[in-house]
Every structure is written in structure tokens, then in C-alpha cells.
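What follows is a set of notes on a single structure, which appears directly below.
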Amino acid sequence: MKEETWKTSITKVEPNKLLLRGYRLDELMGAVTFSQGIFLAIRGNLPTEKEGKILDAILVSSIDHGVTPPSCLAARTIASTGAPLNAAVAGAILAISKHHGGAIEDTMDLFQKAVSLKKTLNATHEEAALAVIQEYSNAGKRLPGYGHRLHTKDPRSERLFQMAYELDIAYDYVKVAGAIEVGIEKTLGKRLPLNVDGAIAAVLCEMGFPSELGNAFFIMSRVAGVIAHVFEEQTTMRPMRHINPTEHVYDGVPERTLS
């Protein structure tokens with residue numbers, strides 16, 4: 001019996017020809033950046049120049065955050081057993097969840113709720129921000145995308161928002177994200193800075209990505225850093241070592257600036 005035919009709109013493969021969303025893959029090579037290719041694969045069209053630039057920045061922003069995050073510890077521990085690179089990277093990805101790198105989706109939902117309230121109530125960004133802060137507080141829910149265990153002012157968030165304004169793609173979501181940060185301090189009496197997950201969430205909302213894809217961008221970004229850690233573990237460390245993240249020291253190149 002013939003199997004039922006199913007359809008895909010992403011890639012068409014024929015002898016000597018590969019099409020990604022209708023574009024020849026060999027023609028895209030050298031003509032678009034990797035981030036533009038990602039945008040094309042997910043959205044079905046090439047990004048504008050502004051979208052391409054901010055997406056590049058998003059992917060760079062989360063490449064790595066040291067050896068202490070669970071994804072890195074998982075990857076290095078697995079690599080220490082002698083497992084191959086793909087197994088260690090898979091372990092890292094599986095460690096990305098609700099409390100580590102998984103807040104982008106929830107934060108996008110938060111911002112979408114706030115912007116929806118703004119439009120429904122014909123409110124200001126500040127009024128909408130206070131409304132969702134109150135709603136989350138009454139429900140005993142933590143506001144995702146705010147606060148960081150290390151940074152009191154996340155430099156990655158500041159840079160992403162700076163670029164969003166420079167590229168003129170900072171509209172309701174970026175503004176309501178800033179209003180919520182201010183509103184948290186005003187109503188709850190504590191300062192919780194917008195972290196990189198929150199900044200990424202706001203910018204992805206501005207570009208029209210669905211919240212279900214939010215965490216995918218953190219995963220795509222972090223894989224590069226994880227690979228670096230796995231390779232370092234495999235080539236410079238003894239097997240089956242006890243990995244204590246608080247005992248590490250940095251011995252790389254000193255801080256340097258871009259020319």
C-alpha cells in the first residue's frame with residue numbers, strides 16, 4: 001500500500017539542486033550570513049538589513065556565559081567520561097530549560113500580554129506594565145526576563161536595546177520591557193534588571209516571531225560556546241575529573257578591544 005503523501009514547505013531536494021524556501025542553497029552561500037539563513041529557514045523569507053543585524057547581535061549575545069551554567073557543566077561532565085562531542089552537546093541542550101536559558105518564551109508571553117493590554121485599554125506603556133506586574137504579583141508568579149544572579153545591569157541587554165533604537169525597530173515591546181523594569185522597582189521596592197533573555201524576548205516580539213520559538217534562539221547561540229567548552233575539556237583535562245565550577249580560574253588572553 002502506498003504511504004500517504006505529506007508536504008513540507010521548507011526544503012526541496014533534487015539531483016544537483018537544493019532549494020531552501022525557494023532559493024538555491026548554492027546561490028545563498030556567500031551571499032547571506034548564517035543568521036540571515038536562519039531567518040529564512042524559520043520565517044520563509046529573507047530578513048531586512050535591520051532584522052539581519054539585530055538577529056546577528058542576538059545570536060552573539062548568548063554564545064557563552066562561563067563554566068558555571070548547567071548546560072556547560074553538563075557538557076563538560078559528559079565530555080570528561082570520554083563521550084563524543086555530539087553526546088556532550090546534546091546533554092548541554094537538554095539542560096536548557098525553565099530556569100536556565102528557557103525564560104525567553106515565557107518573557108515573550110509576558111510582553112505580548114502587556115502590549116495587548118495597552119491596546120485594549122488604550123493605556124500607556126507604563127500603565128500596561130504596572131497592570132501585568134500587579135497581575136503576576138497577585139498570582140504569586142515570578143516575572144520572567146528580570147533579575148540576574150551576577151549582573152546588576154546586564155551589558156548584553158543594554159547593547160541589544162541600544163541597537164534596537166539605532167535600527168529603528170524599538171516599538172511597543174521594547175518600550176513595555178523598559179517600563180516593566182521601572183515598574184518593578186516602583187511597586188515591589190527592588191531593582192530587577194532586564195536580563196539578556198528579556199531583551200532577546202522583546203526584540204523577537206518586535207520582529208514578529210512566535211513565543212514558541214523564543215528558546216530556540218538561545219539554544220542556537222549557546223551551542224557554539226558549548227562546543228568550545230567540550231573541545232577544551234577533551235583536549236586539556238584529565239578524564240573523569242571532579243568538576244567544581246567555583247574553583248576554576250581564567251587563563252585566556254587579557255581583555256582586548258575591537259580595532
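The values are calculated or read from the model by the stated rules, or taken from the named source; none is laboratory data. Computed from a prediction, not measured in an experiment: that's the story for all the values here. Cβ sites come from the backbone with ideal geometry, for glycine too, and all protein chains shown count toward neighbours.
Yes/no matrix, rows are residues, columns are (1) touching a Leu at 6+ places or on another chain (Cβ under 9 Å); (2) hydrophobic (A, V, I, L, M, F, W, C); (3) crowded, with 20+ Cβ neighbours inside 10 Å:
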site	(1), (2), (3)
G52	yes, no, no
G91	no, no, yes
L94	no, yes, no
A123	yes, yes, no
A131	yes, yes, no
Y136	yes, no, no
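Only residues that are assigned to a helix (DSSP H, G or I), under 17 Å from V196 (Cα atoms) and either among the basic types (K, R) or outside the structural domain of P193 (by TED's automatic domain parsing) (or both): list them for the stretch 112-166, please. Of everything in the stretch 112-166, those that are assigned to a helix (DSSP H, G or I), under 17 Å from V196 (Cα atoms) and either among the basic types (K, R) or outside the structural domain of P193 (by TED's automatic domain parsing) (or both) turn out to be R156, R159. Is it fair to say M237 is aliphatic (A, V, I, L, M), under 21 Å from L55 (Cβ atoms) and either crowded, with 17+ Cβ neighbours inside 10 Å or modelled with pLDDT of 95 or more (or both)? Judged against the criteria, M237 is not a match. Candidates A79, A88, A31: the one that is farther than 22 Å from L213 by Cβ, of a type in the set (G, A, S), without any contact (Cβ under 8 Å) to a residue 24 or more places away in the chain and out of contact with any Gly (no Cβ under 6 Å at 6 or more places or on another chain) is A31. Under the condition of being surrounded by fewer than 21 Cβ atoms within 10 Å (Cβ to Cβ) and either among the aromatic types (F, W, Y) or not in a helix (DSSP H, G or I) (or both), the residues counted in the stretch 170-203 number 6.
Taken together, the residues in the stretch 35-84 that are within 22 Å of H151 (Cα to Cα) and not in a helix (DSSP H, G or I) amount to 8.
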